[in-house]
Amino acid sequence: MKKSALQVARAAYQPKLPKALQGPVVAVEGAATQSVGNQDEIKAMFPNTYGMPVITFEAETLSNSPLKGENKKAEGLEGSVGIILSGGQAPGGHNVISGLYDGVKSLNKQSKLYGFLMGPGGLVDHKYVEFTDEFIDEYRNTGGFDIIGSGRTKLEKEAQFESGIEILRKLGIKALVIIGGDDSNTNACVLAEYYAAKNYGVQVIGCPKTIDGDLKNEQIETSFGFDTACKTYSELIGNIQRDCNSARKYWHFIKLMGRSASHIALECALQTQPNACLISEEVEQKAMSLDDVVTYLAKIVADRAAEGNNFGTVLIPEGLIEFIPAIKKLIAELNEVLTDPATGESRDFESKDAQVAFVKSHIAPENLAVLESLPKDVERQLCLDRDPHGNVQVSLIETEKLLSAMVAMKLDAWKKEGKYNGKFSPQHHFFGYEGRCAAPSNYDADYCYSLGYNASRLIANGKTGYMSVIKNTTAPAAEWIAGGVPITMMMNMERRNGAMKPVIRKALVELDGAPFKFFASKREEWAKNTCYVYPGPIQYWGPSEVCDQCTKTLALEQA
């Protein structure tokens, strides 16, 4: 692999570890836990992995060592370990793997680390690679998931579990680490429960990954990749705002990743101070209609035009349209109608027109009215485009263009009424893939390496059904707290594809939380005035307050 000058320099960077992980550790167990919801159902489904305690690692000392004196044994690891990258890419995945590799080798130089290719499907299909020092060194502190690739195969069927155990036994793998988001870690929990119930002797550990930022709770402060992705997007937004403030004639509508939650949009707003930022959770809480959203934006445009400023920036979360109550209700019924109840899979149709006709003849009249009120291209996207789980592909809906077109119509109407006399020239952007494989920030490089290294300690302590967690991450890395949380603790029952299933509860933007409250206190000023901030590119070398800072969201939450 040919490396750029930056990659060569970054390869030499040694990620920082929490002090507790810098030598032998002792696992300190907390009280028994329960799931965040549906306790009886979750306990019945996961009898072998439910109710386990939260684990905190402490540096081993003479006083807390479980084995003292002449009988004390060195911390070790038997067997080999496997690892899977699951779901969408996020900056720092390579460092999770390198951290796990170094952690495994520090416990037992004879243990091997295997990577399964292209996601969970590699486990099922027995496709893998063995990592070596030279292999791992090529990928340290780099972005992307290209070290082994990723995939979206769901591990939920017994045949998949049994196929997986065949290759795990063949390779002598005693523990499997699954790096992914809420769905992938739910799958990890299901797999851990199955192998525990069968007494197969294979541990399963999860690792929290998603740039969307919606895999967090009291135990998980942030998911890896969120920091780097938001800094990458904020650099681009800042560049656009600098251009916007220079040309002074365009309104930039910028859609950002985040279907299920608006964490990215909120963090980027905190970093760049745009004229408007929509928060999906607020739109839903206020039961805003599409026209309400359009009117809100049009008023900001008109008020700035009255001051002679015919330019501005608007941040839009990817999943906004799904949070508008009437459209959310429509999408929920579309997901039901287009799922075959007998198989739980998406229905098949002879043609796209046949699919649209089927939808229109099978949804409630009030939902049909909402569907037909939308532009024809959006109407067809809602009826046709599905993701691998059978859900509407919200990311394909060009919400930024839909909103700017409707704002233009609103402004034209106001102009005829003499309420507006400005100029409105929109530009459109969607930042998604640009942030998924960026070279990780120092924060993510350190955080991810620690998550991987920490996973090796969970394995060495015999844990399964746990997620690797690192806390206190607004402090210097040496003061971070390492441990594990039972995955079942984060689960509840939700309706998916027409059936109730156990899933990890997504973390939405909390409207009474410090990050949103700070944003809400500033947005009127940002709407009226040009308060842009230009963050610039991610910094890797320099003062710690520049290079090692966490997100503004995390800083406000942990203040």
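Please tell me which of these pairs span more than 29 angstrom C-alpha to C-alpha: K216/K376; K352/K506; K506/K552; K328/K410; K410/K552; K43/K154? Mind showing how you got there, number by number?
Values: K216/K376 37 Å; K352/K506 32 Å; K506/K552 20 Å; K328/K410 23 Å; K410/K552 34 Å; K43/K154 22 Å.
In this structure, K216/K376; K352/K506; K410/K552 exceed 29 Å between Cα atoms.
Using the Cβ-Cβ distance between E494 and N48 with R0 set to 22 Å, the FRET efficiency from 1/(1 + (r/R0)^6) comes to roughly 0.50. Sorted on the mean count of surrounding Cβ atoms within 10 Å across their residues, most packed first, peptides 397-403, 123-129, 348-354 read 397-403, 123-129, 348-354. Calculate the length of the line joining the C-alpha centroid of segment 392-425 to that of segment 259-306, in whole Å. Cα centres, segment 392-425 to segment 259-306: 14 Å. If a/c stays under 1.5 just call it rounded; otherwise compare a/b with b/c (prolate if a/b is bigger, oblate if not). Do that for segment 72-178, with a ≥ b ≥ c from the square roots of the Cα gyration tensor eigenvalues. Because a/c hits 1.5 or more and a/b fails to exceed b/c, segment 72-178 counts as oblate.
Of the listed pairs K299/K522; K3/K255; K209/K329, which have alpha-carbon separations greater than 21 Å here? From the list (K299/K522; K3/K255; K209/K329), the Cα-Cα distance tops 21 Å for K3/K255; K209/K329. Among M490, M52, M118, sorting on how many other beta-carbon atoms sit within 10 Å of each Cβ, with the fewest leading, yields M118, M52, M490. Counting only lysines at least 8 places from K109 when in the same chain, those with an alpha carbon closer than 27 Å to its own are K16, K19, K68, K72, K73, K127, K170, K174, K463. Taking the alpha carbon gyration tensor of the chain, multiplying each eigenvalue by 5 and rooting it gives semi-axes of 43, 29, 20 Å, largest first.
Note: relative contact order over the chain, using C-alpha pairs below 8 Å and six or more positions apart, is 24 percent. Using C-alpha pairs below 8 Å separated by at least 6 residues, the relative contact order for segment 309-428 is 30 percent.
Among L320, L191, L62, the ranking by other beta carbons within 10 Å of each residue's beta carbon, starting with the fewest, stands as L62, L191, L320. Protection proxy ranking, highest mean first, for peptides 251-259, 274-282, 195-203: 251-259, 274-282, 195-203, where packing is the per-residue count of other beta-carbon atoms within 10 Å, averaged. When you restrict to C-alpha pairs under 8 Å that are six or more residues apart and normalise by the size of segment 231-368, the relative contact order lands at 28 percent.
Can you put C189, C550 in order, fewest other beta carbons within 10 Å first?
Numbers: C189 30, C550 20.
By the 10 Å Cβ count, ascending, the order reads C550, C189.
Per-residue extension of 0.36 nm, minus the Cα-Cα distance of E58 and K528, leaves a gain of 164.1 nm for this segment.
The distance separating the Cα centre of segment 321-345 from that of segment 158-196 comes to 30 Å.
Would you compute, from DSSP H runs of 4+ residues alone, the mean residue ellipticity of the chain at 222 nm, taking -39500 (n - 2.57) per run and dividing by the full residue count, rounded to the nearest 500? Mind showing how you got there, number by number?
On the way: 22 runs with 238 residues, N = 559.
Computed ellipticity for the chain at 222 nm equals -13000 deg cm²/dmol.
Each of the peptides 529-536, 415-422 was scored by the mean count of other Cβ atoms within 10 Å over its residues; in descending order, highest first, they stand as 529-536, 415-422.
Just so you know, all these numbers are worked out from the coordinates, no wet-lab data involved. These numbers were taken from a predicted model, which means no experiment stands behind them. Because the Cβ atoms are built from the backbone with ideal geometry, glycine has one as well, and the counts that use them run over all protein chains shown.
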